[in-house]
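Below is one structure, written out as structure tokens; comments come after it.
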Amino acid sequence: MSQGQAEFVASPERTVLHVGCGLYAPEKLHPIFHHGTWREVRMDLDPRVRPDIVGSITDLSPFLDGTVEALWSSHNIEHLHDHEVPVALSEFRRVLRTDGFALITTPDIQAVAHEIAQGKLDSVAYISPAGPITPLDMLYGHRDSIRGGNLYMAHKTAFTAERLGRLLIEAGFSKVIVRRGANFDLWAVGLRPDAAPPDMFLDSTHE
């Protein structure tokens, strides 16, 4: 698929829309999409990463309603201004089929705040593929990337498990499952009416 705003047409394969994909690397696609006949369509705001479609997660207009089976958003929504988050989540829901789901991960600001309260603002919390990550990085964005000129990496809002689940329900998802991860992150799946949750989600739902 070429870059631009050409209308997306669904194919016989199951399509996962990978928003905010960044530079291509196979490991950036969540492992649940490595099995079966998933076809990745990459979308990013930054044309330098050569996505299939250049665009913002607040405007998925290249995609008609109900044309993808899954959407994968890894550390994107915290880069939006707070008032843009409901717009993006509503767009996530709109493009999904009635049996589709959105898989989202974002920093857990409640866990980050606990580290800050312990005086660990600038201490290394964990090691990511991008290098050491501190609570300050999780709060405001990866500082090394921002220093290098990638201003897309700045964080502009934050989420607790309760808030993320509530926003997904308000965006129109039928069911939402949210759980905390190992590296100060939240994992959420938003389900359309006919969708079953991925096996990785066993927690209670918000309905």
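The values are calculated or read from the model by the stated rules, or taken from the named source; none is laboratory data. As the structure is a computational prediction, the values presented were derived from the model and not from experiment. Cβ atoms come from the backbone with ideal geometry, glycine included; neighbour counts cover every protein chain shown. Side chains included, ligands, DNA and RNA excluded: accessible areas come from the protein's heavy atoms. Shrake-Rupley method; radii C 1.70, N 1.55, O 1.52, S 1.80 Å.
Among the residues of region 127-153 satisfying the criterion of being out of contact with any strand residue (DSSP E or B) (no Cβ under 8 Å at 6 or more places or on another chain) and of a type in the set (D, E, K, R), which is nearest to PRO47 (Cα to Cα)?
Selected residue: ARG147.
Among the candidates VAL95, VAL41, VAL85, single out the residue that is modelled with pLDDT of 95 or more, open to solvent by less than 20 Å² (accessible area, probe 1.4 Å), under 12 Å from the mean Cα position of the chain (by Cα) and among the aliphatic types (A, V, I, L, M).
VAL85
Name the single residue, out of those in region 133-154 being assigned to a helix (DSSP H, G or I) and in contact (Cβ under 8 Å) with a residue 60 or more places away in the chain, that is least open to solvent (accessible area, probe 1.4 Å).
In this case the residue turns out to be MET153.
Tally up the residues in region 104-132 that are assigned to a helix (DSSP H, G or I), of a type outside the set (Val, Ile, Thr) and over 16 Å from ALA182 (Cβ atoms), please.
The qualifying residues number 2.
Give the number of residues within region 155-171 that are under 14 Å from ALA111 (Cα atoms), part of a loop (DSSP other than H, G, I, E, B) and of a type in the set (Lys, Arg).
Result for region 155-171: 0.
Name the single residue, out of those in region 24-55 being in contact (Cβ under 8 Å) with a residue 12 or more places away in the chain and of a type in the set (Gly, Ala, Ser), that is farthest from ASN76 (Cα to Cα).
This residue is GLY36.
Report yes if ALA158 is hydrophobic (A, V, I, L, M, F, W, C) and touching a residue at least 24 places away in the same chain (Cβ under 8 Å), otherwise no.
Yes, satisfied.
Taking region 172-203, which residues are open to solvent by less than 30 Å² (accessible area, probe 1.4 Å), outside any strand (DSSP E or B) and in contact with a Lys or Arg (Cβ under 9 Å, 6 or more places away or on another chain)?
PHE173, ALA195, PHE201
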